[in-house]
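The values are calculated or read from the model by the stated rules, or taken from the named source; none is laboratory data. Fair warning: this is a prediction, and the values are worked out from it, not measured in the lab. In this analysis, Cβ positions are derived from the backbone assuming ideal geometry, glycine residues included, and neighbour counts consider all displayed protein chains. Note: accessible area is taken over every heavy atom of the protein model, side chains too, but ligands, DNA and RNA are not part of it. Shrake-Rupley method; radii C 1.70, N 1.55, O 1.52, S 1.80 Å.
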Amino acid sequence: MLLQPLLCGSKVASQSTLFASVFSAGNNAGRSSFTANSSVRDVRPVRLMKQASGSITNNERGVFSEIMDRPKLRTPDAYGRRVQEGVLEEESSKVMESRPSWKIFPGQAFPLGVSEVDSGINFSIFSQHATAVTLCLVLPERGSIDTMNGGMIELVLDPDLNKTGDIWHICIEDLPRSNVLYGYRIDGPQDWGKGHRFDSSIVLVDPYAKLVEGRRYFGDISTKLSKFLGTYDFDSLPFDWGENYKLPNISEKDLVIYEMNVRAFTIDESSGLDSNIRGSYLGVIEKIPHLLELGINAVELLPVFEFDELEFQRRPNPRDHMINTWGYSTINFFSPMSRYASAGGGSVNASREFKEMVKALHSSGIEVILDVVYNHTNEADDANPYTTSFRGIDNKVYYMLDNNGQLLNFSGCGNTLNCNHAVVTELILDSLRHWVTEYHVDGFRFDLASVLCRGIDGSPLNAPPIIRAIAKDAVLSRCKIIAEPWDCGGLYLVGSFPNWDRWAEWNGKYRDDVRKFIKGDYGVKGSFATRVAGSSDLYKMNKRRPYHSINFVIAHDGFTLRDLVSYNLKHNEANGEGGNDGSNDNFSWNCGFEGETDDASIRALRSRQMKNFHLALMISQGTPMMLMGDEYGHTRNGNNNSYGHDTTINNFLWDQLDAQKSDHFRFFSKVIKYRHAHEVFSHESFLGKNDITWHEDNWDNHDSKFLAFTLHDRSGADIYLAFNAHNYFVKVLLPTPPEMRKWFRVGDTNLNSPEDFVLDGVHRIGNTYNIAPYSSILLEAKY
């Protein structure tokens, strides 16, 4: 059983009525007195401040500075608008006069986050090492939610009344049921050597906030220093999933996954969508017909948790021209990315529209898998911290530290989430359950999942508690769970990821071996055969299945398929990182010329190679995954790590799709649909001698680049496949087809469209077939 956060020395606070009166007060105002007595005692002023761009001067901090014994000199409170970054000057505050009054109760520890209880709105947050916690509220009538300027009410929590174990809590009656922004100031030990990073000048996002508000429009440079605060919505009616709604419940062996970015999919004008919905969850709905025509039945969405796309632009640095379009920099693990809402609609609309997207995809038979980032957060490192939540709440709990209290970095992003600490484990599980129960998602792909296999000191674990808990959790039992089984600390676990017979893996060895063979490397034919047959060397153990291998040739963080056949080297000059980003080992081949060319023979070879890769992927045992845009030959111009670019380098270009729909897209779609129609490509178990015949007696020939085999169908509709990676024709003697059947040519990547793939097949295939250089064929035995 997973441990709940420690509740040592807990006490049950009485449900006495406490009042906080808000009114204009001088700088010498006394302290608020929150007591357990049911009568009103010593009601003192709570300071309400009109913040100009979020800054508060020392003289206007009032009673709460006194209560918390804060330093008189403090840095600005705008998440990383730290003095050393030099990006904001302090601005004066203006005191507002207002006199609302509330009943305030001690509150309850669970559930964490914001909840509606009988006595009002309950706020609860964990911090083991905090010495002072202040709840900060911005009411809708106080100012603009869009800009988050306005009056901020600060309520100091009394550790004798508002704390149970390591959880701080407070309940407020008569607080609005929606449109309230909230966060916390948290203070504690200042000893960095012991891992503490408390800074009470920063208003922090609640880790359990279900909605987060920030800037309203993606990439709006005018609000690049925007704050992020939690919010809630208890006014809206429950989402209507519909009477006939049901989950697709697609078997893992039958999945064909399409990796895509929500915004980049429709943000380009060529999408033809109204500007208000381009780049939004609703935009995805409009393009479902394209997904259906392509033939995929699952989308794997790049991160959709709240992130700050302008994080690089908050201070001068070599990457301050970049916009994070991928989203691998999480601020909060519960809230949908608010700027994927249509028309700048904000977090509440983002939540509803995300559900509308899931509902529409499910209605079309398409599952939704989320790419989730639980290995690090947006808060960076100690050199250039971007404190928004966990770091300021309890750095020592949420992050892995060395013996000197310094951040460990197994993520390559400056910090590493302490996933196997009991509190963090429960946070991750609660987050995953929330996305399943609230948003009906069908599965998760875990970015740099090897981080989740490390202990609190960073050492690898054989049986990581968080990995086991996810595999055994009842709510998550229907979900696909997929690991990216490596991290930036060298923990490479492809084929050996702790799995409890549940976890699938991104098969990086499949990617590498298939790339090597198709481009014509020597000595990899045997490895290529192993990969297309299901990677039994990696996954045939215990109760694991071929579909636990997520096969891919292309993914978001590397070359696109077109670039794989157009560039030998990465070309990341525009990234501002001196070419240090992205992998140097791409196993790519430019087919004779580096980059774009008008040479017809090179272009034809590249087209053939792209079709070879796609055919190999779709006929392999296991679960195939392709990247958004590869169905029309999308290019990033040789950039193999476009993490921080928000240009057409990432965007789906619908006009290019239209121009090539008659050949490239058609081939990709036909091959996917052919896979769906033939179970020989998706065996439940690993292939046996009755399932496949290898037409090969040359396994040990290092120079051989040709592989042929037959997949046997129980009904006799056998399928013959051959891949020729030589630069010359190979004439093969075809095996005898099953009785009463003849070979029909379904696919030949050397032929022009539409002859390159014909679902019904072309007959009059003789006993031999002359296979062109760098091409592949698929034959079906038919009556």
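In order along the stretch 109-124, phi translates into HN-Hα couplings of 6, 10, x, 5, x, 10, 9, 9, 10, 4, 8, x, 9, 9, 10, 8 Hz, rounded to whole numbers, per the Karplus curve 6.51 cos²θ - 1.76 cosθ + 1.60 with θ = phi - 60° and x for Gly and Pro. Annotation for the stretch 647-698: GluC sites (Glu not before Pro) lying in DSSP loop with at most 14 further Cβ atoms inside 10 Å of their Cβ are E684. Could you tell me whether the stretch 342-385 comes out rounded, prolate or oblate from its Cα gyration tensor? Rule is a ≥ b ≥ c as square roots of the eigenvalues, rounded for a/c under 1.5, then prolate if a/b exceeds b/c, otherwise oblate. In terms of gyration-tensor shape, oblate.
Every Cα-Cα pair of the stretch 592-670 was included, and the share exceeding 23 Å stands at 27 percent.
A 1.4 Å probe run over the protein chains yields, for the stretch 648-757, 50 Å² of accessible area per residue, whole-number rounding. Accessible surface calculations at 1.4 Å, restricted to protein heavy atoms, place the stretch 445-497 at 34 Å² per residue. The alpha carbon radius of gyration of the stretch 237-330, expressed as a multiple of 2.2 N^0.38 Å, is 1.35.
Over the Cα atoms of the stretch 488-628, the radius of gyration divided by the Kirkwood radius equals 1.00; this is the Rg/Rh ratio.
Of the trypsin sites (Lys or Arg not before Pro) found in the stretch 202-266, those that fall in a DSSP loop while having at most 11 other beta-carbon atoms within 10 Å are K246. Taken one residue at a time, the phi angles of the stretch 169-179 give Karplus couplings (6.51, -1.76, 1.60, θ = phi - 60°) of 8, 7, 10, 10, 8, 6, 6, x, 8, 6, 6 Hz. Gly and Pro are set to x. Only protein heavy atoms count here; on that basis, with a 1.4 Å probe, W102 has an accessible area of about 10 Å². Principal axis extents of the Cα atoms in the stretch 226-284, from largest to smallest and rounded to whole angstrom, are 44, 37, 23. Taking θ as phi - 60° and the Karplus parameters 6.51, -1.76 and 1.60, the scalar couplings of the stretch 277-290 work out to 10, 4, x, 10, 4, 5, x, 4, 4, 5, 9, 4, x, 5 Hz in sequence order, x denoting glycine and proline. Averaging the sequence gap over all C-alpha pairs within less than 8 Å and six or more residues apart, then dividing by the number of residues, gives the stretch 404-462 a relative contact order of 36 percent.
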